[in-house]
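A short write-up of the structure that comes next.
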Amino acid sequence: MINLTDDMRQLIDRNLADGVPCILGTASNDGRPQISMKGSVLVFDRQTLAYWERAKRSALDNIGENPQVVIFYRNPEKRINWRFHGAATVYEQGAIRDNVMARTVKEELDRDPERRGVAVLVRLDRITQLNGTVVQQQD
């Protein structure tokens, strides 16, 4: 079962402020990989991460083709390396989009002054360490 801990929540929600923005990994249907820095990653609930997608480029295109993603959190000072694996869903309008936008750090929203971005939720099925050790896994 996935149950994001309070420590995970605190560190992930502060990723940009701590100078360790998360990295999103996506792949197209034909397997072309893409990585993107996402300083807006936050804990949506105990099983879900979210972020504000303001760029709307290849990562979003890839999610449309292949929703399987990984979000990498690395904090070298604390010696923490987590990989969050799951399926992404895009919310272009509605209550979930508004909720994520309201919780997104100001620095990221300021880069999207017209609020044209979308919310992306990643329902987690596995959390691993950098060495591959499974920290948590969906039953």
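Quick note: the coordinates plus some simple rules give every number you see, no bench work behind them. As the structure is a prediction and not an experimental result, all values here were calculated from the model. Glycine also receives a Cβ, built like all others from the backbone with ideal geometry; neighbour counts cover every protein chain displayed.
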Conditions (1) touching a His at 6+ places or on another chain (Cβ under 6 Å); (2) within 18 Å of residue 104 (Cα to Cα): number failed by residue 70: (2)
Here the residues within segment 48-62 that are more than 21 Å from residue 110 (Cα to Cα) and either of a type in the set (Lys, Arg) or over 12 Å from the mean Cα position of the chain (by Cα) (or both) are 58, 61, 62
Return the pair list, or none, for Cβ contacts closer than 9 Å from residues in segment 117-129 that are assigned to a loop (DSSP other than H, G, I, E, B) to residues that are of a type in the set (Gly, Ala, Ser), at least 6 apart or on different chains. 117/40; 117/55
Could you check segment 101-117 and list, in sequence order, the residues that are of a type in the set (A, V, I, L, M) and closer than 17 Å to residue 56 by Cβ? 101, 109
